[in-house]
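Engineer: Pasting a structure here, questions to come.
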Amino acid sequence: MSTTSTTGRGILVEYWLLDAKRYWRSVVVAGVVQPLLYVLALGVGLGTVIDRNGTTTLGVPYLAFVAPGLLVSAAVLTGANDASYPVLSKFKWERSFHGMAATPLSPAQISDGTLLWIALRLLAHSVVFLAILAAFGATRRWEAILAVPAATLCGIAVAALVAAFSASRDNEGQGFNVLSRFILTPMFLFAGTFYPIDRLPEWARWVAYVTPLWHGTDLARSAALGTGSAALDVVHVVYLLALAVVGVLLSRRYFTRRVAR
């Protein structure tokens, strides 16, 4: 990787950081308040009911079980959100990306810098989320810290694909509602975040297996609870890395097409 290429991506990260100052309050809410509400409502509230009635066969308190899933889900949803309307806005309304492409920055650098910024934000978000989970006693061993890179990898794998999708759209009415309602939301609900997927019918389990969220959640849960196997963890990492690479390549391709218009 050349120094010029690395510098270009660094400039993009700096740009996004400066841009985030305009909406820092929403960043704080998404990074602190939202995770806290998730933990209180789904981990502590629902978990207390489940544990008290003895309806769980998970082997651990429900909060400890659901915590890795919440961590990874938050990264996936945050990454998808950052890669959707904000990316479309920079092309369609602000035309910031077109201005950048008029400089020595290449479309690939613009794409990579944008995704690098999202990855850094997901990393910071996941660290804060894990700290909140630890404060509520949801972490049972020090290896739970490995759930942070698992969440970041899963989040950027999804974000890269969404960024490519956003760069290919001409307006906000072209598929964003479908993406949210029929892909991201069902994945959040049925990919093992709240219960083991072996509770699902067999056909639904196979659908869950191909979702990045299941791989990220199972990987994070393996780290946090020590319930996985090294072989399966490798499968999860390879799957998510492959998805991320595909997403990055597609994002570069569609960024290049869009700025050429």
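Engineer: Name the residue, out of A151, A138, A159, that is buried (at least 17 other Cβ atoms within 10 Å of the Cβ) and outside any helix (DSSP H, G or I).
Structural biologist: A138
Engineer: Can you find a residue in the stretch 85-98 that is surrounded by 20 or more Cβ atoms within 10 Å (Cβ to Cβ), assigned to a loop (DSSP other than H, G, I, E, B) and at negative phi? Break it down into steps so the answer makes sense when it comes.
Structural biologist: First, the residues of the stretch 85-98 that are surrounded by 20 or more Cβ atoms within 10 Å (Cβ to Cβ): 87-88, 90-91, 97.
Those still in the list that are assigned to a loop (DSSP other than H, G, I, E, B) too: none.
For the stretch 85-98, residues surrounded by 20 or more Cβ atoms within 10 Å (Cβ to Cβ), assigned to a loop (DSSP other than H, G, I, E, B) and at negative phi: absent.
Engineer: If a residue must be of a type in the set (V, I, T), surrounded by 15 or more Cβ atoms within 10 Å (Cβ to Cβ) and within 22 Å of V245 (Cα to Cα), how many such residues does the stretch 162-211 contain?
Structural biologist: 4
Engineer: Let me ask something additional. For the stretch 241-250: of the residues being within 16 Å of the chain's Cα centre (by Cα) and crowded, with 16+ Cβ neighbours inside 10 Å, which is nearest to Q109 (Cα to Cα)? Steps first, please.
Structural biologist: Let us first name the residues in the stretch 241-250 that are within 16 Å of the chain's Cα centre (by Cα), namely 241-248.
Right, trim to crowded, with 16+ Cβ neighbours inside 10 Å and you get 243-244, 247-248.
Numbers: L243: 19, A244: 16, G247: 14, V248: 11 Å.
Looking at the filtered set, the residue picked out is V248.
Engineer: Is it the case, given these coordinates, that L63 is surrounded by fewer than 16 Cβ atoms within 10 Å (Cβ to Cβ), within 16 Å of A138 (Cβ to Cβ) and either touching a His at 6+ places or on another chain (Cβ under 9 Å) or modelled with pLDDT of 75 or more (or both)? Give the derivation first.
Structural biologist: On the way: surrounded by fewer than 16 Cβ atoms within 10 Å (Cβ to Cβ): no; within 16 Å of A138 (Cβ to Cβ): yes; either touching a His at 6+ places or on another chain (Cβ under 9 Å) or modelled with pLDDT of 75 or more (or both): yes.
Answer is no for this residue.
Engineer: For the stretch 165-185, how many residues meet the condition of being assigned to a helix (DSSP H, G or I) and more than 15 Å from the chain's Cα centre (by Cα)?
Structural biologist: Number of matching residues: 8.
Engineer: Being within 14 Å of the chain's Cα centre (by Cα) and outside any helix (DSSP H, G or I) is the filter here; which residues of the stretch 186-240 pass it?
Structural biologist: If the condition is that a residue be within 14 Å of the chain's Cα centre (by Cα) and outside any helix (DSSP H, G or I), then A191, T193, T211 are the ones that fit.
The values are calculated or read from the model by the stated rules, or taken from the named source; none is laboratory data. Since we're looking at a predicted model, the values are computed, not measured. When we count neighbours, we look across all protein chains shown, and the Cβ atoms used for this are built from the backbone with ideal geometry, even at glycine.
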